[in-house]
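A.B. asks: The structure is given below, and queries will be raised subsequently.
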Amino acid sequence: MDRIQQRIYLSRKSLNSIEFEHEVLRIPLSVGEETSFELVIINHGEPTHVHFSLGEEIKDKVMILQDKVYVIEKEKIAAIVKLPKSYAGAVAELGAGKIFISTGYGATKKSFSVEIVEEEEKEKEKRGRKGEGIEGREEKWEMVERGVAVSPERMALLQRLAVSTLAMALLLTFIFAVIFFSFHPFVFGLVAAMIFIFIVVYNL
């Protein structure tokens with residue numbers, strides 16, 4: 001779900017004027033859940049103090065995390081919307097509430113409406129699929145990591161194979177030495193037997 005946002009323009013048309021991107025900010029929400037939205041204040045005039053207040057209709061549902069802010073050029077304020085379970089079955093009857101904005105220590109005051117609407121099933125499914133997508137990517141990432149990493153059992157097998165290969169190379173070296181340098185057969189037999197026993201015992 002895209003982040004809900006309300007842009008507020010100060011002194012864009014005239015000195016101390018207040019304009020809203022949305023005259024009515026619609027917030028889809030299910031009973032017992034909460035969400036958030038942003039108030040983005042864009043100031044086209046002189047730096048000014050901005051104060052937020054809530055209408056009676058939404059005081060128990062909306063909380064603005066910073067109700068006073070000094071705006072030079074641009075500021076973002078977060079707000080949380082929570083719909084208590086006591087409103088089950090009555091979301092459609094809530095109606096709209098007001099968020100009031102005043103500037104210049106109350107010199108200018110204006111409001112926009114906030115309307116909480118029942119979240120549609122398709123939006124819930126979309127949000128659910130988005131969550132599943134994240135989990136799926138995590139699982140794929142784990143699979144990639146498992147594919148690249150070598151398990152302890154496989155590592156032990158590779159180590160045994162390397163040692164056995166080295167021992168066989170030594171055995172072949174002794175055979176080569178006996179054939180070309182006429183080492184004593186007893187010495188060759190003893191060394192060859194020791195290497196053979198080592199290979200068998202190591203791979204048990």
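Just so it is clear, none of the values below were taken in a lab; they were calculated from the coordinates. Since this is a predicted model, take the numbers as computed values, not measurements.
A.B. asks: For SER30 and LYS98, compute 0.36 nm times the residue count separating them, minus their Cα-Cα distance, and round to one decimal in nm. Walk me through the intermediate numbers first.
C.D. replies: Details: separation 68, 0.36 × 68 = 24.48 nm, distance 2.00 nm.
Taking 0.36 nm per residue and subtracting the Cα distance, the gain is 22.5 nm.
A.B. asks: Would you mind listing how long region 4-119 runs along its three principal axes, going by Cα atoms, in whole Å with the largest first?
C.D. replies: Here the spans come out as 46, 20, 19 Å, largest first.
A.B. asks: Continuing with this model, one more query. I need the phi-derived Karplus couplings for region 5-12: 6.51 cos²θ - 1.76 cosθ + 1.60, θ = phi - 60°, integer Hz, Gly and Pro marked x.
C.D. replies: Result, ordered by residue: 9, 10, 8, 10, 9, 10, 6, 7 Hz.
A.B. asks: Also, I was wondering about something else. In terms of modelled amide H atoms, which long-range or inter-chain residues lie less than 5 Å from the amide H of GLN66?
C.D. replies: ALA78
A.B. asks: Express in nm, to one decimal, how much length is gained between THR165 and HIS44 on full extension, taking 0.36 nm for each residue of separation and deducting their alpha carbon distance.
C.D. replies: Value of the extension gain: 35.8 nm.
A.B. asks: Right, something else. Once phi is turned into ³J(HN,Hα) by the Karplus curve 6.51 cos²θ - 1.76 cosθ + 1.60 with θ = phi - 60°, what whole-Hz value does each residue of region 28-44 show in order, with x for glycine and proline?
C.D. replies: Here the 3J(HN,Hα) series is x, 7, 9, 4, x, 10, 9, 8, 9, 8, 10, 10, 9, 9, 10, 9, 9 Hz.
A.B. asks: Looking at region 7-68 only, what percent of DSSP beta bridges run antiparallel? Nearest 5 please. Don't skip to the end; give the middle numbers.
C.D. replies: Working: 4 of 8 bridges.
That works out to approximately 50 percent antiparallel.
A.B. asks: Semi-axes, largest first, in whole Å: what does sqrt of 5 times each Cα gyration tensor eigenvalue give for region 1-61?
C.D. replies: 27, 14, 10
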